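S.K.: Supplied in structure tokens, the structure appears directly below.
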Amino acid sequence: MTFVDYHIEPDELRLHLGDLLRLLQVPDHSPDNPVVHEATGLFGQLPGLASIRGGYAVYEDIRIDEKEGSIRILDRKIHPQQQICGYMKGAEKLALLVCTAGEGFTARSREYNKQGDYLKGFITDTMGSWVVERAMDLIQEKLENAFRELGMHVTNRYSPGYCNWPVSEQQPLFSLLPGQPCNIRLTGSSLMIPLKSVSGIVGIGKKVKKRGYACDICNNRTCIYRSIKNHH
């Protein structure tokens, strides 16, 4: 197994303040709005808080059992449930992806909260979630480009904790990756450290395709994609 590792600079993510304000659900974008004022200042600090790493490993020895809701990769089994297994139908390979924005956003957010500046704490925490998801999108884009040259497509990305895939499934997923990939470690309760980290799986093949995210049948109400979808 080869793990492809990337160090990503914030400017590669093409981040814009307007996107952050939409994510914060700010209807009034005028500079007089206190949330806009704080978000503008914190957005300028973003490059100094981010320490972005991510990567992926691709596996060919796979078996998808849609009825059981399981996927065998090498000698390990993960259980993303029937819905995600259905989305992987036709995959010839699977990629496991991980990404982190580093410790900076969480540490700074905690500092603001300790000082009682909860607005700054919330905005900084949100920025960390936004950055790591955008970075993961970029890594998936790199994966897509690599396989497009081989005439293959890539599915949407799905993660433990979404679409009824239990968070505890981080354990078998991480067992298929090198120890502490991108300096991300997994706790006994399946929490990723740094907190602003994400993992996921995508299918790869000539017949797979991307679908719209089914937010109406997903039980995760804090998903960043739900926020973006609802405000477009």
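The values are calculated or read from the model by the stated rules, or taken from the named source; none is laboratory data. As the structure is a prediction and not an experimental result, all values here were calculated from the model. Reconstructed Cβ throughout: ideal geometry from the backbone, glycine too, with neighbour counts over all protein chains shown. Protein only, heavy atoms only, side chains kept; ligands, DNA and RNA dropped before computing areas. Shrake-Rupley method; radii C 1.70, N 1.55, O 1.52, S 1.80 Å.
S.K.: Based on what the data block shows, is T124 closer than 19 Å to S197 by Cβ, surrounded by 22 or more Cβ atoms within 10 Å (Cβ to Cβ) and modelled with pLDDT of 95 or more?
M.R.: Numbers: closer than 19 Å to S197 by Cβ: yes; surrounded by 22 or more Cβ atoms within 10 Å (Cβ to Cβ): yes; modelled with pLDDT of 95 or more: yes.
Yes.
S.K.: Select from the stretch 173-190 the residues that are in contact (Cβ under 8 Å) with a residue 24 or more places away in the chain and open to solvent by 30 Å² or more (accessible area, probe 1.4 Å) and write down the one among them that is farthest from R134 (Cα to Cα).
M.R.: The initial filter retains those residues of the stretch 173-190 that are in contact (Cβ under 8 Å) with a residue 24 or more places away in the chain, namely 173-178, 181-184, 190.
From the residues that got through so far, the ones that are open to solvent by 30 Å² or more (accessible area, probe 1.4 Å) too are 175, 178, 183.
Working: S175: 25, P178: 23, N183: 19 Å.
Among residues in the stretch 173-190 that are in contact (Cβ under 8 Å) with a residue 24 or more places away in the chain and open to solvent by 30 Å² or more (accessible area, probe 1.4 Å), the one farthest from R134 (Cα to Cα) is S175.
S.K.: Determine which member of the set I64, I73, I8 is more than 22 Å from the chain's Cα centre (by Cα) and hydrophobic (A, V, I, L, M, F, W, C).
M.R.: On the way: I73 fails: more than 22 Å from the chain's Cα centre (by Cα); I8 fails: more than 22 Å from the chain's Cα centre (by Cα).
The unique qualifying residue is I64.
S.K.: Does the stretch 152-169 hold any residues that are under 13 Å from the mean Cα position of the chain (by Cα) and not basic (K, R), and which are they? Even if it seems obvious, please write down each step before you answer.
M.R.: Filtering the stretch 152-169 down to residues under 13 Å from the mean Cα position of the chain (by Cα) leaves 156-162.
Of everything in the stretch 152-169, those that are under 13 Å from the mean Cα position of the chain (by Cα) and not basic (K, R) turn out to be N156, Y158, S159, P160, G161, Y162.
S.K.: Please determine whether any residue of the stretch 141-150 is touching a helix residue (DSSP H, G or I) at 6+ places or on another chain (Cβ under 6 Å) and either open to solvent by less than 40 Å² (accessible area, probe 1.4 Å) or at pLDDT below 95 (or both). Write out each step before concluding.
M.R.: First, the residues of the stretch 141-150 that are touching a helix residue (DSSP H, G or I) at 6+ places or on another chain (Cβ under 6 Å): none.
No, there is no match, as no residue in the stretch 141-150 is touching a helix residue (DSSP H, G or I) at 6+ places or on another chain (Cβ under 6 Å) and either open to solvent by less than 40 Å² (accessible area, probe 1.4 Å) or at pLDDT below 95 (or both).
S.K.: Taking the residues in the stretch 83-105 that are open to solvent by less than 10 Å² (accessible area, probe 1.4 Å) and part of a helix (DSSP H, G or I) as candidates, determine which candidate is farthest from R72 (Cα to Cα).
M.R.: Restricting to residues being open to solvent by less than 10 Å² (accessible area, probe 1.4 Å) and part of a helix (DSSP H, G or I), the top hit is F105.
S.K.: Another question, then. Are there any pairs, at least 6 apart or on different chains, whose C-beta atoms fall under 8 Å, with the first in the stretch 18-46 and within 14 Å of L119 (Cβ to Cβ) and the second among the aromatic types (F, W, Y) and open to solvent by less than 20 Å² (accessible area, probe 1.4 Å), and if so, which?
M.R.: L20/W130
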